[in-house]
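Here is the structure we will look at.
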Amino acid sequence: MSADLVIKNLHVSVEGREILKGLNLAIDKGEVHAIMGPNGSGKSTLANTLMGHPAYEVTEGEVWFKGQNILALSPDERSRLGLFLAFQYPSTIPGVSVANFMRTAINARYPQPDPSGNGNGGSKGIPMREFRRLLREKMDMLKMDAGFARRYLNDGFSGGEKKRMEVLQMAMLQPEIAVLDETDSGLDIDAVRIVSEGVNQLMSPDLGVLVITHYQRILNYIKPDHVHILVDGRIVMSGGPELALELEEKGYDWVKEGLGHD
């Protein structure tokens, strides 16, 4: 049986320069996969390509999810299918509250039929009372202060708060495959732990997670089932959690030497 998300021979270029050079990966729901690699290896390119960023040109390969090659789909269509990307550098949107942003996202992800036939395309949004209940439930689960919902999205947020906001979105949108693009980037060890605890709260047999990271430390908290090493646009080694520990001890030069790279 094939995996829930299957990446086959993926080649991706940015501004005419090939970054991914035949990447293969399969992820099932209920699993945590980690991709580790040195700077410039293609980690964030993979994350952005999976969600359909227009700057990343797929020149060859396929990405299969729910019986579809999603490379033909727009980013919002991929999201509605059940894909989610937590950004390495989340955007700031002054003037838009967290609550308003989340309600808009929920309505786009799960449009609800309007029996009256009125409104936007015959659909209506999630009832405000239900939305408030859901938002409070998820914020309580993630140990977030209620006042967080009234703040403008990422405006004046610390690095840790921005990443917790990404986890809150993940909790609200309930994806089936979530990609965490260097969620630990720029965070101190306490913030890494808090954000990781939030991700762990969401883990279930219905969720597959791809953790993209440069360092092993986040994997002390989000325990991977599989670890993959990405070098020069290809996955060159895969193993269990022990592979991340070995990489932390020996560094990426150990892998490159084994491949005959300078």
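Since every read-out is calculated from the coordinates, none of them should be taken as a lab result. Please read these numbers as outputs of a predicted model, since none were measured by experiment. Here Cβ is always computed from backbone atoms with ideal geometry, including for glycine, and neighbour counts include all displayed protein chains.
Observations, loosely collected:
- In segment 144-175, residue surrounded by the most Cβ atoms within 10 Å (Cβ to Cβ) [restricted to those that are touching a residue at least 40 places away in the same chain (Cβ under 8 Å) and basic (Lys, Arg)]: 163
- Subset of segment 170-213 (residues that are of a type outside the set (A, V, I, L, M), under 22 Å from residue 45 (Cβ atoms) and not in a strand (DSSP E or B)): 175, 182, 183, 184, 185, 186
- Odd one out for residue 222, checked against (1) farther than 28 Å from residue 100 by Cα; (2) in a loop (DSSP other than H, G, I, E, B); (3) more than 15 Å from the chain's Cα centre (by Cα): (3)
- Filter pass, residue 3 being farther than 22 Å from residue 204 by Cβ, in a loop (DSSP other than H, G, I, E, B) and more than 17 Å from the chain's Cα centre (by Cα): no
- Scanning segment 82-95 for residues that are crowded, with 16+ Cβ neighbours inside 10 Å and aliphatic (A, V, I, L, M), we see that the one that is farthest from residue 195 (Cα to Cα) is 83.
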